[in-house]
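The block underneath contains the structure these notes are about, expressed in structure tokens.
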């Protein structure tokens, strides 16, 4: 079977699975991962090791897109507002997870180097599945900001810890002296180079965005910039997520207004990539690892140490930094996800240890198995806990767009009820009296039963305004204009907006119900749009 056929089948299955899980109040990402497990090397082998390897370059690109979008969320005003608590919680939860895992793994295995290496990996949180849940549930607020920032930044912390402990662990294995300078130098250099790469590419992207007018071309250039960043990062063995994040962060802060379009378009057009990414993640997990008794206790120790470390560390960091109560209570449990960064570190460690003799080779194999096994578990439970956290913090559904507001309401919720109807038998003099009392441009004309006859606009009245002799002669029915389009109270606001835009009109009479001609209100396009933006602003800033 060819790769495109497999991609098409598994993505369709993933979407179906995701929608089923959504209906039972579980994040879609869990459904995507489970389809990956089902079709991957653990069960059906539809996606085997060969295909996983083929898809690796696509996986790297998707990680780059995710990193870019995360960077787009990290605006400078966010760091001004929450900076202290974010950095404190980041260090606290990362170090607590590192210490917790190191101690428990050492107590179980009696091998300090194994505990240190697994502890360093434990500090990392998977940005992809965490942020995917935040996007799916349109989350907004202090907790969401904290989570987005931490998952974007704790890659760097994990790299530094890894740099420190990898050299020390190798020294323990080889019975050599430990050099602090060598251990810290390499990861700091890698982080610096990764940041520099993302910044340089972002400057190029900004120039294109400034000069180009076509939205499609701008988005194409943005995708190309992500691909370039990821490609160079892979070539130079840098952190591609960090580089991509800096690319997005620089763009959103140096070009805040025009970059909104770029991030919106990429986010809406990346759903297919997200589904495929998490299916590939699931397909690479091996559930048979749980049958190996030799690593079960280490797996349990790792999970317990990491989970307790994340919870206690985030809570402690939140308290000492004066974070909001929701951040203190729910940050820790929302940081359980573990994915590409952890697996990448595990593979890197195994690769470097295999040259240190038989014990090093065995240690590398154990680390990969433990990280693969724990990743399977936390990738299933982690997104559910992220959803729980943002729901309990009352932040789910707060990151609304204009389209979300339109979908939430019906015509009856926004229609104007003080619409000053004009009876068809009123004279021009009486019509003028009605107009003086109101601020409308269009007026509905009704019969004695309040049923729609037509409408009158101020523009149409200009021709007879100054004809004094007509004031008692001309009636409303003589001036009435035909109404081509109407809406009903039960219609969706989305339908009304569509009618306004499709027919290029700015006024709609509202009738009681289908089959009725009784007028109960009116809609004015500008007034409706002003109401939508006001409601959007109110809801978005409710959590600020």
Binning every alpha carbon pair distance of the stretch 221-333 at 10 Å from zero, what are the percents per bin?
11, 21, 28, 32, 8, 1
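When the chain is fully extended, how far beyond the present Cα-Cα distance does residue 458 get from residue 9, taking 0.36 nm per residue of separation?
Working: separation 449, 0.36 × 449 = 161.64 nm, distance 5.91 nm.
Taking 0.36 nm per residue and subtracting the Cα distance, the gain is 155.7 nm.
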Based on DSSP, what percent of beta bridges with both residues in the chain are antiparallel, to the nearest 5?
80 percent
Using only Cα atoms, tell me the angle between helix 127-136 and the longest principal axis of the chain; keep it within 0 to 90° and round to the nearest 10.
20 degrees
Where does helix 525-540 land angle-wise versus the long Cα axis of the chain, in degrees 0 to 90, nearest 10?
30 degrees
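Specify whether the C-alpha gyration tensor of the stretch 488-544 places it in the rounded, prolate or oblate class, a ≥ b ≥ c being the square roots of the eigenvalues: rounded for a/c under 1.5, otherwise prolate if a/b is larger than b/c and oblate if not. Write down the numbers at each step before the final one.
On the way: a/c = 2.71, a/b = 1.87, b/c = 1.45.
Because a/c hits 1.5 or more and a/b exceeds b/c, the stretch 488-544 counts as prolate.
Please compute the Kirkwood hydrodynamic radius of the stretch 188-275 from all pairs of different C-alpha atoms, in Å with one decimal. Could you put the intermediate results ahead of the total?
Details: mean 1/r = 0.0761 Å⁻¹.
Roughly 13.1 Å, rounded to one decimal.
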Three-way shape label, the stretch 1-144, alpha-carbon gyration tensor, a/c 1.5:
oblate
Share of Cα-Cα pairs in the stretch 363-425 beyond 13 Å, in percent?
79 percent
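For the stretch 405-540, calculate the relative contact order in percent as a whole number, restricting contacts to Cα pairs under 8 Å that are 6 or more residues apart. Don't skip to the answer; put the middle values down first.
Details: 210 pairs, mean separation 41.8, N = 136.
Once normalised by length, the contact order is 31 percent.
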Separation of the residue 308 and residue 451 label points, Cα + 7 Å toward Cβ, nm:
7.7 nm
Helix 293-320 versus the longest principal axis of the chain: what angle, 0 to 90°, nearest 10, using Cα atoms?
50 degrees
By DSSP, what percent of the beta bridges with both residues in the stretch 370-513 are antiparallel, rounded to the nearest 5?
65 percent
For the chain, what does the equivalent ellipsoid look like in terms of its semi-axes, each the square root of 5 times an eigenvalue of the Cα gyration tensor, given largest first in whole Å?
60, 23, 22
At q = 0.10, 0.17, 0.20 Å⁻¹, base-10 log of I(q)/I(0) for the stretch 405-540 (Debye sum, equal scatterers on each alpha carbon):
-0.35, -0.90, -1.14
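Every number here is computed from the coordinates shown, using simple stated rules; none is lab data. The structure presented is a predicted model; accordingly, all values stated were derived computationally and were not measured. A quick note on method: Cβ atoms are made from the backbone with ideal geometry, for glycine too, and the neighbour counts reach across all protein chains shown.
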